[in-house]
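Peer 1: I have a structure I would like to understand better, so I am pasting it below and will then ask my questions one at a time.
Only the coordinates and a few stated rules stand behind these numbers; no lab work does. Remember, predicted model here, so these are calculated numbers, not experimental data. Ideal geometry is used to build each Cβ from the backbone, glycine not excepted, and the neighbour counts take in all protein chains shown.
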Amino acid sequence: MREKIVAGNWKMNKTLDEGKTLASEIVNMYADEVSDDVKAILCTPFINLPSVKGIIGNTKNVFLGAQNCNDHESGAYTGETSVPMLKAIGVSYVIIGHSERREYYNESDEFLAKKVDAALAGGVTPIFCCGEPLEIREAGTHFDYVTKQLTASLFHLSADQFKKIVIAYEPIWAIGTGKTATSDQAQEMHEKLRQHLASKYGDVAEEISILYGGSCKPDNAQEIFAGKDVDGGLIGGASLKSRDFIEIIKSF
Ligand code: PEP
């Protein structure tokens with residue numbers, strides 16, 4: 001059985017106090033309202049991680065995530081944060097390859113492969129993001145584009161390593177734009193991605209959770225999550241409001 005996952009990417013939002021309030025609301029609402037086995041992951045800014053971990057504690061099915069990591073274990077990398085540092089404060093997941101990092105910080109497929117390796121070596125699960133820009137979608141080459149991203153950054157992994165990966169398909173034209181992929185577009189891409197994973201890893205592909213991200217909200221989550229290859233969501237804007245985030249989780 002694949003895991004159902006809803007991860008909130010807070011991006012560069014929420015001061016410490018605001019983040020603590022948001023996390024407390026989510027943890028309380030989750031405990032009161034969510035009965036289904038859906039994992040909730042709070043990917044907060046680095047500076048909020050230890051406090052949010054304190055709020056999450058050992059709450060069943062709620063986990064802490066980071067939004068980035070360095071590809072080295074330690075050393076002279078000013079301003080960076082390593083996977084062992086994240087692990088030490090209770091981080092279980094790390095977003096790798098978000099389109100904003102690919103675009104604004106020039107993170108290449110090859111560089112992302114190193115981050116994936118670092119995360120796995122340190123025992124933190126990568127949430128690996130992929131997705132096409134609008135011009136690629138309009139040119140009709142989106143399947144090719146996205147499968148190549150996976151090949152380039154993930155296909156050096158062994159099957160055992162690969163089992164520990166979560167994938168997030170996020171069409172760039174749908175991120176923060178209010179423009180969502182239709183449920184058919186999401187399912188179609190997720191199915192292609194799973195077939196691509198199967199071409200390399202066989203049955204392991206069936207065990208990999210593939211999340212959808214891109215303007216996912218309480219009013220469209222149910223339809224998107226209904227796709228048989230859609231195992232949850234990576235949520236940006238709507239993860240900043242506890243009620244919206246919980247309603248998305250309850251959409252399964
Ligand atoms: C994201 O950035 O991962 C994302 C999906 O953002 P939004 O939900 O705001 O489109």
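Peer 1: Beyond 27 Å, what share of the Cα-Cα pairs of the chain remains, rounded to the nearest whole percent?
Peer 2: 30 percent
Peer 1: Collect residues whose amide H, placed 1.01 Å from N in the peptide plane, falls under 5 Å from the amide H of I95; neighbours closer than 5 in sequence don't count.
Peer 2: Amide H neighbours of I95, under 5 Å, 5+ apart: A66, Q67, N68, I127.
Peer 1: How would T180, T151 line up from fewest to most surrounding beta-carbon atoms within 10 angstrom?
Peer 2: Fewest-to-most ranking of T180, T151: T151, T180.
Peer 1: Which trypsin sites (Lys or Arg not before Pro) from the stretch 181-232 combine a DSSP loop assignment with at most 10 other Cβ atoms within 10 Å?
Peer 2: Loop-located and lightly packed - K228.
Peer 1: A follow-up question, please. Report ³J(HN,Hα) in whole Hz for each residue of the stretch 84-98, in order, from the Karplus equation J = 6.51 cos²θ - 1.76 cosθ + 1.60 where θ = phi - 60°; Gly and Pro get x.
Peer 2: For the stretch 84-98, the Karplus curve yields x, 5, 5, 4, 4, 9, x, 7, 9, 10, 9, 6, 10, x, 4 Hz.
Peer 1: Then there is this: Whole angstrom only: what separates the Cα centroid of the stretch 1-23 from the Cα centroid of the stretch 173-187?
Peer 2: If you average the Cα positions of each part, the centres end up 21 Å apart.
Peer 1: How many angstrom separate the Cα center of the stretch 50-122 from the Cα center of the stretch 201-216?
Peer 2: 20 Å
Peer 1: Taking amide H positions as placed 1.01 Å from N in the peptide plane, with prolines and chain starts having none, which residues 5 or more places from K4, or on another chain, fall under 5 Å of its amide H?
Peer 2: For K4, the qualifying residues are K39.
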